[in-house]
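Colleague: Dropping the structure in here first, questions after.
Any read-out appearing in this document is the output of simple, stated calculations on the displayed coordinates, not a laboratory observation. No experiment lies behind these values; they were computed from the predicted model shown. Note that we place each Cβ from the backbone using ideal geometry, even for glycine, and neighbour counts take in every protein chain shown.
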Amino acid sequence: MSGHPVAAVLFAFVGAVMFAVGAVAQQRAAAEVPEGEALMAQLIRSPRWWAGLVGDGGGFAFQVVALSMGTVLVVQPILVTALVFALPLAAHYSGRRVTLVMWGQAAALSVALACFLIVGDPTEGVTDAPWQRWMGPLGLVLGVIAAATVAGVRVKAPALQALLLGTAAGLLFGVSAALTIHVTQLFGDGVGPVLGSWQTYALVVTGLSGLYLQQRAYQVGPLSASLPAFTVTEPLGAAFLGLTVLDERLRSGPIGTAFVLASVVVMGVAAVKLSRAQATDSPEPQDIPQAAESILGDR
């Protein structure tokens, strides 16, 4: 339905802000965990981290409501502005600054991502495919994830670490997204088919692994390095598996496909440049004011 476009815009903006605040809260909580300590064990004791999860949940709820009132064409570009909202929030709470160049790069990334999601507009494919069809594309994605993770662990530059780990986390969530519809449909047939499907276990493993790597990315470097990478690679990973495994096809035609490919290039370049820009400006982080925590209601 698209009978309430103004309301859809308002709900989408609220959702984007909540996604942004949730990301900032999670990053600050993760950054407080010293290297060498059990990351997730520390985070589950952090009210700020749980507040960040509440922010993510609230953002998703507002996204659902916005999409029920307006079209994807209206809602999706607004939702991707979560990155633009997150940058000044992270900069304010950490003592880092956002330059005009970084603003431009963030805006370019957001516009390119919106173009990728809207212009590409893939057709619906199948929700399941034989294991043999998954092997090649899924193996390729997992290979990229493994390479990004290993490199992210070995490099010493915090911004580059965050970029690489955010990339790996985003791809893992992209794999999870490609598996989710089929697993959800299995619940209609009872618990047995759910427990008997390899996709169920793959969904759990990729989801939990993605969550861990996302928090590691938040821990080791600035949000402006990890969030753009995560934001870009999640839809890219899901789209790649949709096109290669699940028989989805782009509706865009030759010209639209060229725009989609150009959008991918712009997203990658902007994400890397944001990471490099942040690496040159890394003062000691400051504590998040209580006002930010009260937004998320962490008490």
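Colleague: In whole angstrom, and with the biggest value first, how far do the Cα coordinates of region 109-282 range along each principal axis?
Modeller: Principal-axis extents of region 109-282 (Cα, largest first): 54, 39, 24 Å.
Colleague: Rank-order 19-29, 128-138, 175-185 by packing density, defined as the average count of other C-beta atoms within 10 Å over each peptide's residues, highest first.
Modeller: 19-29, 175-185, 128-138
Colleague: What is the extension gain from V101 to W131, computed as 0.36 nm multiplied by their sequence separation minus the C-alpha to C-alpha distance, in nm to one decimal?
Modeller: 6.3 nm is the gain from fully extending V101 to W131.
Colleague: Cα centroids of region 7-35 and region 92-151: how far apart, whole angstrom?
Modeller: Comparing the Cα centres of region 7-35 and region 92-151, I get a distance of 18 Å.
Colleague: Quote to one decimal, in nm, the extra length available between L208 and K156 on full extension: 0.36 nm per residue of separation minus the C-alpha distance between them.
Modeller: The span from L208 to K156 would gain 16.2 nm if fully extended.
Colleague: Ok, one more. Return the Cα extents of region 125-171 along principal axes one, two and three, sorted largest first, each rounded to a whole Å.
Modeller: 41, 16, 8
Colleague: So if I restrict to the alpha-carbon atoms in the chain, what is the Rg, and what is Dmax, the biggest pairwise distance, in Å?
Modeller: Looking at the chain, its Cα Rg and Dmax stand at 18.9, 55 Å.
Colleague: Of the listed peptides 119-127, 80-88, what is their order by residue-averaged count of other C-beta atoms within 10 Å, with the highest listed first?
Modeller: 80-88, 119-127
Colleague: Report, in degrees rounded to the nearest 10, the 0 to 90 angle that the Cα long axis of helix 5-31 makes with the longest principal axis of the chain.
Modeller: Tilt relative to the chain: about 60 degrees.
Colleague: Where is the GNM fluctuation largest for the chain (alpha-carbon springs, 10 angstrom cutoff): V260, V64, V232?
Modeller: It is V64.
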